[in-house]
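Notes follow the structure.
The values are calculated or read from the model by the stated rules, or taken from the named source; none is laboratory data. Here the structure is a predicted model, which is why all the values come from computation and not from measurement. As a convention, Cβ positions derive from the backbone with ideal geometry for all residues, glycine included, and neighbour counts pool all protein chains shown. Each accessible area value is taken on the protein alone, full model and side chains, heavy atoms only, with ligands, DNA and RNA left out. Shrake-Rupley method; radii C 1.70, N 1.55, O 1.52, S 1.80 Å.
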Amino acid sequence: MENDNKKGFYFKQYEAPNQSPFDKLFGIFKELITHTSGDFDEAIDWLRELDKEYKLTDEHYTIDDFIEDLKKKGYIRDELKEDGTSGLGITAKTERAIRQQALDQIFGNLKRSGSGNHKTKHSGNGDEHTGEFREFHFGDGLERISLTESLRNAQINNGMEDFMLTENDLVVEETQYKSQMSTVLMIDISHSMILYGEDRITPAKKVAMALAELITTRYPKDTLDILVFGNDAWTIAIKDLPYLKVGPFHTNTVAGLQLAMDLLRRKRNTNKQIFMITDGKPSCVRERDGSYYMNSNGLDEYIVDKCYSQAQQARKLHIPITTFMIANDPYLQQFVNKFTEANQGKAFYTGLKGLGEMIFEDYETNRKKRVK
């Protein structure tokens, strides 16, 4: 009897997902409102331009209809602008939707790997179920096998008439440690983040919003503080992320690191870490008398030595620093290498593409570690 079960790929013409006119425009609007740092009028102006070029709407559903729906659904509201005029602005509901979209964009590109592919010094099974499944591998404990999912696979693969359960049908549920993590995400908002014709601040904002959404929804016991650094450093609330802009600032990395360590000293969690997204060299420090010492020409030895001292201080506090360098100047990489060596942390030299995936994978990896 011939086996009619053929394995392979079946190709067909792409069919766009069935979306309502509102949903189609809303996805684009969320992207534009992130790029315009929460400026509703500018985002709508861009949307109208895109509509002219790509025919996003028709006579049955216009941009004005979309704006009315945004009001009805609670995504925008009337507000008083800084210049005293009235206008429209986004609501907390929109801010949450933007964070969720950022999370979906980054997590949608992450691939689950098999057991044993984690960059961690500690082995063993976790004790917290994630609700996610993968194939059974040799060495997995029998107690981790999901009987329901495995039987379901056997029924699909082998049918009910000749029912049998094979190793290929077995599925295990992923687990992870319940260790709590306190993270500070540092974002460089110096002027260079929008120089040279490249928008570097928007990808950094997306990463921050997605990381915030991940932690608040999936790891509620973890903590995340977000700070920005230019001439000085200060914390920002998660709800303010869509409105984040760069300024005419130098790069005071030292102030950012000092504030990050102050925040983490107050946390009771054993596991602490700093993520730093930057594209430029440190060019500013604040002196004890309140004045600023600034030098944008090359690497100033006085400034970088203070950065190395902060890296060493973080190491003494058992706080690893992971630097995500989104520039490729050789002399800057040399600085980051020495900075990373002083902290015994990690450094990734990455462009804007893949920045989010890299940070998320590193976050997941670090959560699986247990500090002895």
Compute, for Phe66, the solvent-accessible surface of its heavy atoms (probe 1.4 Å) with the complete set of protein chains present, and express it in square angstrom to the nearest 10.
0
Rounded to the nearest 20 Debye, what is the dipole magnitude of segment 196-281 about its Cα centre when Lys and Arg each give +1 and Asp and Glu each give -1 at the C-beta?
380
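Give Lys267/Lys316; Lys52/Lys239; Lys81/Lys281 a once-over and call out the pairs whose C-alpha atoms are over 27 Å from each other.
Working: Lys267/Lys316 16 Å; Lys52/Lys239 32 Å; Lys81/Lys281 36 Å.
From the list (Lys267/Lys316; Lys52/Lys239; Lys81/Lys281), the Cα-Cα distance tops 27 Å for Lys52/Lys239; Lys81/Lys281.
At a 10 angstrom cut-off on C-beta neighbours, averaged per residue, how do the peptides 271-280, 324-333 rank from highest to lowest? Provide the component values of the computation, followed by the final result.
Working: 271-280: 23.7, 324-333: 15.7.
Packing order, densest peptide first, comes out as 271-280, 324-333.
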Using a 1.4 Å probe and counting only protein heavy atoms, arrange Lys239, Lys306 so the residue with the most accessible area comes first.
Lys239, Lys306
Could you give the length gained on full extension between Asn328 and Gln155, defined as 0.36 nm per residue of separation minus the Cα-Cα distance, in nm?
57.0 nm
Quick one: Debye curve from the C-alpha atoms of segment 181-369, no solvent, what's log10 I(q)/I(0) at q = 0.12, 0.20 Å⁻¹?
-0.52, -1.64
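What does the highest-first list of 224-230, 289-295 look like by mean Cβ count within 10 Å?
Values: 224-230: 22.9, 289-295: 11.3.
So the order, starting with the most tightly packed, is 224-230, 289-295.
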Just name one of Tyr331, Thr365, Ala314: the one whose Cα is farthest towards the positive end of the charge dipole of segment 308-366 (beta-carbon charges, Lys/Arg +1, Asp/Glu -1).
Ala314
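Per residue, how much accessible area does segment 21-90 show when a 1.4 Å probe rolls over the protein heavy atoms, in square angstrom?
On the way: 4180 Å² over 70 residues.
Accessible area per residue, segment 21-90: 60 Å².
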